[in-house]
Amino acid sequence: MTTKPTKIYLKDYQAPNFSVTTVNLDIKLFDDHATVDSVINMQKQSEGDLILLGRDLQLIQLEINGQIFNEENYQLDKEQLVIKKLADGAPLPNELTVKTQVKIVPQKNTSLEGLYIAGEGDDVMFTTQCEAEGFRKITFYPDRPDVLAEFTTRVEADKKFPTLLSNGHLIEQGELANNRHFAVWHDPAKKPSYLFACVFADLSVMQDKYTTIEGREVLLEIYAKEKDIEKCHVAMQALKDSMKWDEDNYGRAYDLDRFMIVAVSQFNMGAMENKGLNIFNTACVLSTPEKTTDPRTSSVKGIIAHEYFHNWTGNRITCRDWFQLCLKEGLTVFRDQSFSADHQSSAVQRIEDVDILRSAQFSEDAGALAHPVRPESFVEINNFYTPTVYEKGAEICRMMANMMGKEKYRQGTDEYFRRYDGQAVTVEDWLSALSSVDKRTADFIKWYRQPATPTVTATSDFDNESKTLTLNLSQHSRHVAGYDKPIALPIPVATAIFDKTSGEILLEKTLMLTDFEQTFTFENLATEQAPVLSLLRDFSAPVNLEFNQSAEELAFLLEHETNGFNRWQATQTLVNQVLKNGDKHYKEVYLKAVQKAVHQLAKTDPMLATRLLDIPSERDLSLLVKGDYDPQAIKAKREQLKTDLAKFMANDWLNLYQNLPMQAYEDTPQAKGVRALRNTVLAMLLKTTANTPNFTESCKLAVSQYDNASCMTERLGALGAMVNRENEITDEIDFNLVAEKLEDFYQRFADEPLVIDMWVAVQANADCTSLDEIQALIEHKEFDWGTPNRIRSVIGGLANSPVKLWSEQGLDIYLGVVAKLDHANPTLASRLLQPLARWDTLVPELKTIAQAKLTDLEKEVSSKNVLESLGGILGEK
Ligand SMILES: [Zn+2]
């Protein structure tokens, strides 16, 4: 039996009784265990017990101020070590020196948390993941973010691990008897224990240098397996670009003499910003044109920037407690998005950011796991590394930055760094620094506290006599059970008013909606007829907009809007109208407008042209349904529209394809745009010609693109287009071709795990892949329960296909994976549950199945991560 896990509340926060000044760690790794000796110097801050947190540790010795402690002198349970007085009975003095020795077994630690084993055989390495509460699996410590200390770490192991790393600077290293050696690292920056890291491995290193604006010469190092080291150039350049960008845009320079990145295959997240020693999932650091797609390469750059930017927003200024996670994550995501926008078309970057926000965060907000950007309670903090904390957190920073304007926002962030450098702070502190420059930002605390996505409803009216436009805006938010009734949030609505005849902008302004309902009037507009409104430009707030615009108005915006994001949004609004109401008129206008825009943009902005062909995913479309969600019906409607689009432009695809010739690989926005558009056009070409005499010709083009590809984007694009059409192929020859190319791809990249992930994903995501085939992928020899990347590449495909997921067999497969991971890797198991949170909106028949399966799972699992998520999903508040 498991006891119900305990909830922790933000309102119960108490500062620690003891602070830490210095920590000395000595970690010795042996064949079947490790020992950790620590010396912690502490100072009393307030009366009370000394609480040291520790999990799965075997305490061998405890000594405080020279007194040896035995079992009668302390209380020890599964979570903590509590000391009320000294061993001799004297009260705890103001200064303590706590020495402990513990034994741990990293060789058996599969949770990818604490000090854990990664890889196997000759490839084995040991590394750490301490955020949020992993350090307590290494030694007894006040493992909470508001305890900042200076760390000195000695790491010792057999010489089969030549790479011995920890945070800061290398101050000593040497040889020992029995083929062992050691290294001592000192980190002068005070940090919380979640930023601690160490590595025992056999890795190669790529080195470079960067001189900061302050004149400090920094050694840059990326560690990876020997066969991967040449794949680190993109990451190294991105690191240097990030260092420069943070100096230019936020005035922040790097503060140590050394910055290291280590690539690890077995990692739960993207990467981790440990001070001076970032640890990365290989998928987020390795990149070469031949083996990495363009979107993946962009995300490598973005994640390198993200983790680097944490050095100031997260590390030097850290979170007081884990409820404040958005303080470091929201701001840092906003910073990495801005960095990426400076390195490609900013409109396309915004489209990508909003796409992620809508599909991951809006669906979270709409489901049973909805929570505020700053949660008020949790059982397991690992469950709150969510799109809401990250993506919506970033949107709040963006709204304030836009409202303040570039100069004032910079003054505000300068003030934040000036006031709080070296401290552990709260969301209130962040807002108080910004509001010392612009008082209006104080009001944004409401966004941090209130869950659910607001809906803004707009209506407009134009008086031809007085040339006055009246715009009425109102806001509404869903009342989430367990939270206060929603209040009105400050919502910036960036607006442009267009003259219908000339297509020129008459007026541009950001309107602030601060009440539930407000009316804005614009007088004496220099126009002859009712103007066209463009609202929420560049997605100025994370809201759903309801605004009835005619098909012609939306087509007008697609043609005349100067804001690239709103051009794209016009196509998405048209599509939603068609799919929601089956409106034929909207469909006609949509098809014509998109066709025209794609031709216009194919040469000048091929990436935007590609995005204009977007049809929202089945998962995104499920959000438009208020109840009785029928995955099959949504899939059918979406497929129909895609077919209509393919047919409407039937005479365009081949022409477009031939006008986008393959060229030598270049990493520029234009070249990436051409590759993206060519892949989309190829897929449409195969779709249009399937089951026609021209299909063999289209297949030849795909095969030729596959065989002559200059990079992975081209090769995988061709393979994906073929695999996706597999079920429409009636001709034996064509069918064999697809199988042949899949096999070729596998053989070509058999020793490249990240490429095999793609090979798996392309099959798992294909429409024609059956659930039996997905099950077969899980049983395939390439499947690896220890590597989250591989697990995600298979069952991510299942999550992306609601029709397959929401079926008896689909749920059995999906929940089977969760159950299997519950013990081995509870963090991952719990995160995989996120796509299931909206089960209660399903049509009754599927709803009953889902409820039964989820309830069954609850009886099977025991980790508090999974229990908390399941409880939330099943509505057990
Ligand atoms: Zn982060």
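Couple of notes before you dig in:
- Criterion: surrounded by fewer than 19 Cβ atoms within 10 Å (Cβ to Cβ) and in contact with a Lys or Arg (Cβ under 6 Å, 6 or more places away or on another chain) - qualifying residue of Asp784, Asp812, Asp840: Asp784
- Among the residues of segment 302-316, those that are of a type outside the set (Val, Ile, Thr) and within 12 Å of the ligand (Cβ to nearest atom) comprise Gly302, Ala305, His306, Glu307, Tyr308, Phe309, His310, Asn311, Gly314, Asn315.
- Members of segment 187-204 found to be closer than 24 Å to Phe30 by Cβ and either among the charged types (D, E, K, R) or open to solvent by 10 Å² or more (accessible area, probe 1.4 Å) (or both), listed by number: Asp202, Leu203
- Of the candidates Lys275, Lys227, Lys244, Lys291, the single residue that is at pLDDT 95 or above, open to solvent by 30 Å² or more (accessible area, probe 1.4 Å) and within 25 Å of Glu329 (Cβ to Cβ) is Lys244.
- Restricting the first member to segment 772-785 and to residues that are in a helix (DSSP H, G or I), and the second to residues that are aromatic (Phe, Trp, Tyr) and open to solvent by less than 50 Å² (accessible area, probe 1.4 Å), the beta-carbon pairs closer than 7 Å and six or more apart or on different chains are Leu777/Phe783.
- Failed item, numbered, when Asp122 is tested on (1) touching a strand residue (DSSP E or B) at 6+ places or on another chain (Cβ under 8 Å); (2) closer than 30 Å to Trp785 by Cα: (1)
- Pairs where the first residue, in segment 786-809, is farther than 16 Å from Ala761 by Cβ and the second is acidic (Asp, Glu) and surrounded by fewer than 22 Cβ atoms within 10 Å (Cβ to Cβ), C-beta under 9 Å, 6+ apart: Gly786/Glu120; Pro802/Glu618; Val803/Glu618; Gln809/Asp772
- Condition met for Lys209 (open to solvent by 40 Å² or more (accessible area, probe 1.4 Å) and either part of a helix (DSSP H, G or I) or at positive phi (or both)): no
- Residue satisfying condition, being closer than 30 Å to Lys291 by Cβ, among the hydroxyl-bearing types (Ser, Thr, Tyr) and in contact with a helix residue (DSSP H, G or I) (Cβ under 6 Å, 6 or more places away or on another chain), within set Ser204, Ser193: Ser204
- Picking from residues in segment 738-784 that are in contact with a helix residue (DSSP H, G or I) (Cβ under 9 Å, 6 or more places away or on another chain) and small (Gly, Ala, Ser), the one that is farthest from Gly720 (Cα to Cα) is Ala750.
- Lone qualifier among Thr643, Thr571 - being buried (at least 21 other Cβ atoms within 10 Å of the Cβ) and among the hydroxyl-bearing types (Ser, Thr, Tyr): Thr571
- Filtered residue count, segment 259-268, keeping only those that are more than 14 Å from the ligand (Cβ to nearest atom) and either within 17 Å of Lys301 (Cα to Cα) or open to solvent by less than 10 Å² (accessible area, probe 1.4 Å) (or both): 6
This table checks each residue for (1) under 30 Å from Ala541 (Cα atoms); (2) more than 16 Å from the ligand (Cβ to nearest atom); (3) in contact (Cβ under 8 Å) with a residue 24 or more places away in the chain; (4) over 15 Å from the mean Cα position of the chain (by Cα).
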residue: Trp245; (1), (2), (3), (4): yes, yes, yes, yes
residue: Asp257; (1), (2), (3), (4): no, yes, yes, yes
residue: Gly270; (1), (2), (3), (4): yes, no, yes, no
residue: Ile279; (1), (2), (3), (4): no, no, yes, yes
residue: Val300; (1), (2), (3), (4): yes, no, yes, no
residue: Thr318; (1), (2), (3), (4): yes, no, yes, yes
residue: Leu327; (1), (2), (3), (4): yes, no, yes, yes
residue: Phe339; (1), (2), (3), (4): yes, no, yes, yes
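The values are calculated or read from the model by the stated rules, or taken from the named source; none is laboratory data. For clarity, every value in this text was computed on a predicted model and none was experimentally measured. Cβ atoms come from the backbone with ideal geometry, glycine included; neighbour counts cover every protein chain shown. Ligands, DNA and RNA are stripped out before the accessible areas are found, and what is left, the full protein with its side chains, is counted by its heavy atoms. Shrake-Rupley method; radii C 1.70, N 1.55, O 1.52, S 1.80 Å.
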